[in-house]
Amino acid sequence: MPNFKTLDDLPQDLSGQRALVRVDLNLPMKDGRASDLTRVNVVAPTILELANRGAKVLLLAHYGRPKGDRHSTMSLSMVQGDLERVLDREIMFIPEVAGPVVTQSVDILGNGDIGLLENTRFWPGEEANDADFAKSIAAHGDIYVNDAFSAAHRAHATTEGLAKLLPAYAGRAMEAELKALDAALGTPKPPVAAVVGGAKVSTKLAVLENLSRKVQHLVIGGGMANTFLAANGVNVGKSLCEHDLTDTARTIMDAADEAGCTIHLPYDVVVATEFAPNPPSVRTCNVHEVAADEMILDIGPQATEALGDVLKTCATLVWNGPLGAFETPPFDEATVALARTAAALTQDGSLISVAGGGDTVAALTHAGVADDLTYISTAGGAFLEWMEGKELPGVAALSA
Ligand code: ADP
Ligand code: MG
């Protein structure tokens, strides 16, 4: 477990303390409005707790990729209204991150008030992790709280630099994420199963390599299973398959074997000749019976049931990537079935289940189990880098 401080390590009364709080407000926008407020809900408890304990809360966040320049279309002022609605507090928007405007604004804020600073990426020093830029921001705070795990894989001024300049604490969302991830892969209760799916092996090579060294069962599903099947001499027809990576797949299987990790590949699959909702050509078959004009679009019911049985013998599950092309019925069936098994085992108390990844979260929500697993990470890139076994700079800086 990384050794980090939390809000519990701060005095209860934070009156007069200026808290610089890094959050993720990179909300998905549609027609100038946030289409999903998950990220605001995730950081709300930390913001409200600090404010209720009397701190002057100064929110730091990035939005989009303005590349070190001011772009009016990427001003964080556009999320001020959403923040006010979710927090049910008034928020002062401050159109800078450092300098006299910030000083004057912070003077106006009372204890327990909340200010929202401008998009940190309007300044090149953010992504460059420039020490002077970080210092200019640090001058406006007494403590630094990082509640943006999803940005922790980047060593930027407000995700890493500030932690070295001010007493640094994990916010509540960061704390929960780090504890869940530690329970899943840091110091997990064995046996551990990892389910890795999704489209391509190439995007998750490092994930597969790391997991094959750490877990007892590695389930490979989704499009990437096709590359592993092909490496085993299976004819996968017109399936999505990275034929140039079959040697790599072989190496991963050999390494897993040596490490005592069992790799689970499907032995039945759902195929069709065209990729469309409920195509007439859809059928289930053994992996050795895929026709030249067919595509594997999901793993089959027998394989799914066998995987459920594997989960029943495991104490911990970590899951990234859907088992099939779940956006298009009926190729969601294996993902939905395994998700429900994982949820039931979790609810029974026999499984600790942690899942993450953009499409994975969508798939688990589609399966109706988003609230029934132990923890679902919405962190995307940071979650994947953690699955790769990498040290995340934003987390490392909190632990230093
Ligand atoms: P995540 O975002 O959770 O990390 P990925 O982006 O790696 O997941 O993969 C998700 C995508 O993989 C989905 O869009 C899904 O349709 C696709 N996929 C899964 N199985 C297959 C398959 N057999 N053939 C083609 N695409 C697949
Ligand atoms: Mg994805």
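Quick check on the stretch 90-113: of everything there that is closer than 14 Å to ALA61 by Cα and touching a helix residue (DSSP H, G or I) at 6+ places or on another chain (Cβ under 6 Å), which residue is surrounded by the most Cβ atoms within 10 Å (Cβ to Cβ)? Looking at the filtered set, the residue picked out is VAL97. Looking for something surrounded by fewer than 17 Cβ atoms within 10 Å (Cβ to Cβ) and either of a type in the set (Asp, Glu) or not assigned by TED's automatic domain parsing to the domain that holds ALA306 (or both) - is there at least one such residue anywhere in the stretch 195-203? Scanning the stretch 195-203, I find no residue that is surrounded by fewer than 17 Cβ atoms within 10 Å (Cβ to Cβ) and either of a type in the set (Asp, Glu) or not assigned by TED's automatic domain parsing to the domain that holds ALA306 (or both), so the answer is no.
Conditions (1) more than 9 Å from ligand 1 (Cβ to nearest atom); (2) over 21 Å from ASP268 (Cβ atoms); (3) crowded, with 19+ Cβ neighbours inside 10 Å; (4) not β-branched (Val, Ile, Thr), marked per residue:
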position	(1), (2), (3), (4)
PRO301	yes, no, no, yes
PHE331	no, no, yes, yes
ALA337	yes, no, no, yes
ALA344	yes, yes, no, yes
THR360	no, yes, yes, no
GLY368	yes, yes, no, yes
ALA400	yes, yes, no, yes
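Hey, does the stretch 197-215 have a residue that's touching a Lys or Arg at 6+ places or on another chain (Cβ under 6 Å), under 23 Å from GLY389 (Cα atoms) and not β-branched (Val, Ile, Thr)? No, the conditions are met nowhere in the stretch 197-215. Within the stretch 1-42, the set of residues being at positive phi and in contact with a strand residue (DSSP E or B) (Cβ under 9 Å, 6 or more places away or on another chain) comprises just one member, GLY16.
Selection over the stretch 174-230 of residues that are within 16 Å of ligand 1 (Cβ to nearest atom), of a type in the set (Ser, Thr, Tyr) and touching a residue at least 12 places away in the same chain (Cβ under 8 Å) gives a count of 2.
Checking every residue in the stretch 377-392 against the condition of being surrounded by fewer than 21 Cβ atoms within 10 Å (Cβ to Cβ) and assigned to a helix (DSSP H, G or I) gives at least one match. Regarding the stretch 296-319, can at least one residue be identified that is within 15 Å of ligand 2 (Cβ to nearest atom) and either modelled with pLDDT of 95 or more or touching a helix residue (DSSP H, G or I) at 6+ places or on another chain (Cβ under 6 Å) (or both)? Taking every residue of the stretch 296-319 in turn, at least one turns out to be within 15 Å of ligand 2 (Cβ to nearest atom) and either modelled with pLDDT of 95 or more or touching a helix residue (DSSP H, G or I) at 6+ places or on another chain (Cβ under 6 Å) (or both). Just wondering, is there one or more residues in the stretch 240-250 that are modelled with pLDDT of 95 or more, small (Gly, Ala, Ser), away from ligand 2 (no atom under 16 Å from the Cβ) and surrounded by fewer than 20 Cβ atoms within 10 Å (Cβ to Cβ)? No - not one qualifying residue is present in the stretch 240-250.
If I filter the stretch 227-234 for residues that are within 16 Å of ligand 2 (Cβ to nearest atom) and crowded, with 17+ Cβ neighbours inside 10 Å, do I get at least one hit?
No, every residue in the stretch 227-234 fails to be within 16 Å of ligand 2 (Cβ to nearest atom) and crowded, with 17+ Cβ neighbours inside 10 Å.
Looking at THR227, THR248, just one residue is hydroxyl-bearing (Ser, Thr, Tyr), within 19 Å of ALA325 (Cβ to Cβ) and assigned to a helix (DSSP H, G or I), and that residue is THR227. None of SER353, SER281 is within 30 Å of ASP24 (Cα to Cα) and not in a helix (DSSP H, G or I) except SER353.
For TYR144, the conditions (1) open to solvent by 20 Å² or more (accessible area, probe 1.4 Å); (2) within 30 Å of MET387 (Cα to Cα); (3) of a type outside the set (S, T, N, Q) are fulfilled apart from (1).
State whether one or more residues within the stretch 67-76 are closer than 20 Å to VAL102 by Cβ and β-branched (Val, Ile, Thr). No, that holds for no residue.
In this entry, PHE331 passes the filter for residues that are within 16 Å of ligand 2 (Cβ to nearest atom) and more than 20 Å from the chain's Cα centre (by Cα).
Total residues in the stretch 1-32 satisfying the condition of being more than 16 Å from ILE114 (Cβ to Cβ) and exposed (fewer than 12 other Cβ atoms within 10 Å of the Cβ): the figure is 11. Looking across the stretch 53-107, not a single residue is small (Gly, Ala, Ser) and part of a strand (DSSP E or B). Considering only residues that are more than 18 Å from MET387 (Cβ to Cβ), touching a helix residue (DSSP H, G or I) at 6+ places or on another chain (Cβ under 9 Å) and open to solvent by less than 50 Å² (accessible area, probe 1.4 Å), which ones fall in the stretch 320-329? GLY324, ALA325, PHE326, listed by residue number.
The values are calculated or read from the model by the stated rules, or taken from the named source; none is laboratory data. These numbers were taken from a predicted model, which means no experiment stands behind them. Note that we place each Cβ from the backbone using ideal geometry, even for glycine, and neighbour counts take in every protein chain shown. All accessible areas refer to the heavy atoms of the entire protein, side chains included, with ligands and DNA or RNA removed. Shrake-Rupley method; radii C 1.70, N 1.55, O 1.52, S 1.80 Å.
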